[in-house]
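A short reminder: the numbers here are calculations on the coordinates, not readings from a lab. Remember, predicted model here, so these are calculated numbers, not experimental data. All Cβ positions, glycine included, derive from the backbone under ideal geometry; neighbour counts span all protein chains shown.
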Amino acid sequence: MGPAIRAGRFGSVLLSFSEIDSTNRLLLDLAAQGYPEGTVVQADSQTRGRGRQGRRWITPPGRALAFSLLLRPRSSPKDLPWVTLMAAVAVARCLETFRVRAGIKWPNDLLLNDKKVCGILTEVGPSRDNRPSIVLGVGLNVNQVAKDFPPGLRKAATSLQMATKRTWDRQKLLGRLLDHLEEGYEDLLHGRIDRLSEQWGKRNVTLGREVRLTQGKRSITGMALGLDRNGALLLSLKTGEVQRVLSGDVTFRAKGHKGIA
Ligand code: BTN
């Protein structure tokens, strides 16, 4: 794959591999070595791609987009959840420029026809000058067909090609994604949380639904009410208590889809 051609700061350092263990793993190492904000590591395939909650993420050669972006925000750690939410909004907005409308399942899974098309893994690396390094890893299913997914995932996963019946140019997509990530990040740096929250809310498919939230072995069920100022999900439990959650996996308990704006 050739480099993505774009004018922005993100991706001006772009390291591209045909195969690597995990782009997040490498970029965390590079962050420790002092690589600048905006550095991107991209791989055509990953042998040990990392997913959320310790899961694996499969990136078969020639089909998907797998990249990691290094951020060094000045914001306080309490804003970190917004980095993750911002990334989901950026990917969704990018796909909309190609007339594809994905829904966001909290915190940052992108769904097409109720199946996962993109996952985002945010990992925090070492700080320098009081600025944490954040590695934002994006795995987008682009040109996979059903047999590219392991049988156990076929019901739950989809790709842009499967949803649109056409082949996508992965490098063009990467360039556009970086544009949208850069724009969303500017919003974050300027404290435009209301705007991000509104953009996330318009695309979310989680709020207003009965959900089960799983964190490791623990799970709770409740009604997803909204996000608080720090990007935490507010869950109304049967006991009447409202619980704030910052991480976990959401599954839907009952049908009854909220419309996607
Ligand atoms: C999820 O579980 O939904 C998150 C998946 C994140 C996968 C991406 S692919 C590029 C980057 N490198 C990794 O090892 N993981 C992320």
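Express in nm, to one decimal, how much length is gained between ARG253 and ASN130 on full extension, taking 0.36 nm for each residue of separation and deducting their alpha carbon distance.
Details: separation 123, 0.36 × 123 = 44.28 nm, distance 4.17 nm.
Working it through step by step, the gained length comes to 40.1 nm.
May I ask you to sort LYS217, LYS116, LYS155 by Cβ crowding, counting other Cβ atoms within 10 Å and putting the fewest first? Don't skip to the end; give the middle numbers.
On the way: LYS217 5, LYS116 18, LYS155 11.
By the 10 Å Cβ count, ascending: LYS217, LYS155, LYS116.
Mind ranking 240-247, 137-144 by how tightly packed they are, going by the mean number of other C-beta atoms within 10 angstrom, highest first? Before the final figure, lay out the partial values.
On the way: 240-247: 12.8, 137-144: 24.0.
Put in order of decreasing packing, that is 137-144, 240-247.
Does anything in segment 103-134 have its amide N under 14 Å from the 7 Å Cα→Cβ label point of GLN215, and if so which residues?
Taking a point 7 Å out along Cα→Cβ of GLN215, the residues of segment 103-134 whose backbone N falls under 14 Å are 107.
Suppose each label sits 7 Å from its Cα in the direction of the beta carbon; what would the ALA156-ARG244 distance come out to in nanometres?
2.9
Where does each of VAL100, VAL205, VAL91 land when they are ranked from fewest to most other beta-carbon atoms within 10 angstrom? Numbers along the way, then the final one.
Values: VAL100 16, VAL205 22, VAL91 28.
Ordered by Cβ neighbours within 10 Å, fewest first: VAL100, VAL205, VAL91.
Which value in deg cm²/dmol, rounded to the nearest 500, describes the helix-derived mean residue ellipticity at 222 nm for the chain, given -39,500 (n - 2.57) per DSSP H run of n ≥ 4 and division by the residue count? Could you put the intermediate results ahead of the total?
Working: 5 runs with 63 residues, N = 261.
Here the helix-only value at 222 nm equals -7500 deg cm²/dmol.
Sort the chain into rounded, prolate or oblate with this rule: let a ≥ b ≥ c be the square roots of the eigenvalues of the Cα gyration tensor; rounded if a/c is under 1.5, and if a/c is not under 1.5, prolate when a/b is larger than b/c, oblate otherwise. Write out the running numbers ahead of the final one.
Values: a/c = 1.56, a/b = 1.19, b/c = 1.32.
Oblate is the answer for the chain, as a/c is 1.5 or above yet b/c matches or exceeds a/b.
Determine the distance separating the Cα centre of segment 50-99 from the Cα centre of segment 111-164; give it in Å without decimals.
Computed from Cα coordinates, the inter-centre distance equals 7 Å.
Can you sort MET162, MET223, MET86 by how many other beta carbons sit within 10 Å, fewest first?
Numbers: MET162 19, MET223 16, MET86 29.
The order, fewest Cβ neighbours first, is MET223, MET162, MET86.
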